[in-house]
Ligand code: MN
């Protein structure tokens, strides 16, 4: 086999400055965001490469860890490394990125996989299976990431005017919340498990002897009743995580990326979202580069005022749409997804109790410190991207969830 066949490359011009692109490569924690083949799992923060001889570690999605020995480095221009299993000498393959600025805002980026120095023949099949198409997938994803962050950076001198945005009608405010009444549907767990309670309103005074000039009530509700936000602490995998009062406010106001699967749910109430659906969404609408809520639009809210149809219980349990285990894992590991927002009574599919692990939408997401948001409506009013979601749970100290008012800010041109 000639050396030519052992060097695979892909390249592309990107509409972003070389320094910005380089940052996404030289900081290993950012690498899984552009990895087009979902091989890279995660890298500990604080490993930004600065010179030849640096070694950074990367956990692969299949579980193995690689120590990457940096063998070429020029800040902003070139970086290459030899991966190796922990505490072993690199077997000889090399990954390289080269950046060539073309003006201030455009860069030619070349990605190379070179196994000319690989001598262990047992590794040849695996090396040969890495194709230019594999490299191109990473290059394209890196381009989407770099170009999105460049184009969305605030323009110098332009000051955002929130008041004008709201009062001019350029932004509409929409309510995504289900009204809270004693009839609001709640999750029905099978015996022996104990259920949350319905919402209930009790009068305290009503312009009468209890209070001649005022009307007020007390309410009782489950934390997990109606439109509500699940905190990591709700699930055994997240039990040491945040309670609902501890969620940072910036996570409660964030972009909504809306994946619409309502056509397929109409044909199959047990529809499960797969990682391929999320990847094709990112291919069509751009990579999710800012911290965002993943909003799953299923059309299920059309049943929200008819509890039996909404819960869709049968002898073998409820039949409602959700995420496959693989999709839950994809979301749990996605660096920029804050949480999952759904129209159904819970963030898991009706049949998810039979999955491995059971209830992966809770097990994996809450275990990863992400959040769940349930029983939303009016999602058909949201664009695929461009809306801002505002989730406002009560700051219940020690709370595992809270009923929430959920609003969206939607640009009227979308
Ligand atoms: Mn819940």
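The values are calculated or read from the model by the stated rules, or taken from the named source; none is laboratory data. Every value quoted in this text rests on a predicted model; they were computed, and no experiment measured them. Here the Cβ is made from the backbone with ideal geometry for all residues, glycine too, and neighbour counts use every protein chain on show.
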Filter segment 93-111 down to the residues that are in contact (Cβ under 8 Å) with a residue 12 or more places away in the chain and surrounded by fewer than 17 Cβ atoms within 10 Å (Cβ to Cβ) and list them by number.
100, 101, 102, 104, 105, 106, 108, 110
Is it true that residue 202 is modelled with pLDDT of 90 or more, assigned by TED's automatic domain parsing to the domain that holds residue 387, touching a strand residue (DSSP E or B) at 6+ places or on another chain (Cβ under 9 Å) and over 30 Å from residue 83 (Cα atoms)?
no
Name, by its number, the condition in (1) touching a helix residue (DSSP H, G or I) at 6+ places or on another chain (Cβ under 8 Å); (2) part of a helix (DSSP H, G or I); (3) modelled with pLDDT of 95 or more; (4) away from the ligand (no atom under 16 Å from the Cβ) that does not hold for residue 282.
(3)
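Given the structure, is residue 121 surrounded by fewer than 18 Cβ atoms within 10 Å (Cβ to Cβ), at pLDDT 95 or above and over 29 Å from the mean Cα position of the chain (by Cα)? Don't jump to the end; show me each part of the working.
On the way: surrounded by fewer than 18 Cβ atoms within 10 Å (Cβ to Cβ): yes; at pLDDT 95 or above: no; over 29 Å from the mean Cα position of the chain (by Cα): yes.
No.
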Which of the strands (runs of 3 or more DSSP E) found entirely inside segment 350-414 contain at least 2 residues meeting this: touching a helix residue (DSSP H, G or I) at 6+ places or on another chain (Cβ under 8 Å), more than 13 Å from the ligand (Cβ to nearest atom) and within 30 Å of residue 162 (Cβ to Cβ)?
387-393, 401-411
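Give me the strands (runs of 3 or more DSSP E) completely within segment 211-268, filtered to those with at least 3 residues that are within 14 Å of the ligand (Cβ to nearest atom), ordered by residue number. Reasoning before the result, please.
Details: elements: 211-220, 228-230, 253-260.
Output list reads 228-230.
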From 59, 43, grab the single residue that is surrounded by fewer than 17 Cβ atoms within 10 Å (Cβ to Cβ), in contact with a strand residue (DSSP E or B) (Cβ under 6 Å, 6 or more places away or on another chain) and not assigned by TED's automatic domain parsing to the domain that holds residue 331.
59
Can you spot a residue in segment 176-199 that is modelled with pLDDT of 90 or more, in a strand (DSSP E or B) and surrounded by 10 or more Cβ atoms within 10 Å (Cβ to Cβ)?
no
Any residue in segment 292-310 that is farther than 21 Å from residue 256 by Cβ, free of Cβ contacts under 8 Å to residues at least 60 places away in the same chain and not in a helix (DSSP H, G or I)?
yes
Taking residue 375 and the conditions (1) over 18 Å from the mean Cα position of the chain (by Cα); (2) surrounded by fewer than 19 Cβ atoms within 10 Å (Cβ to Cβ); (3) within 14 Å of residue 295 (Cβ to Cβ), which numbered condition does it fall short on, given that it satisfies the others?
(2)
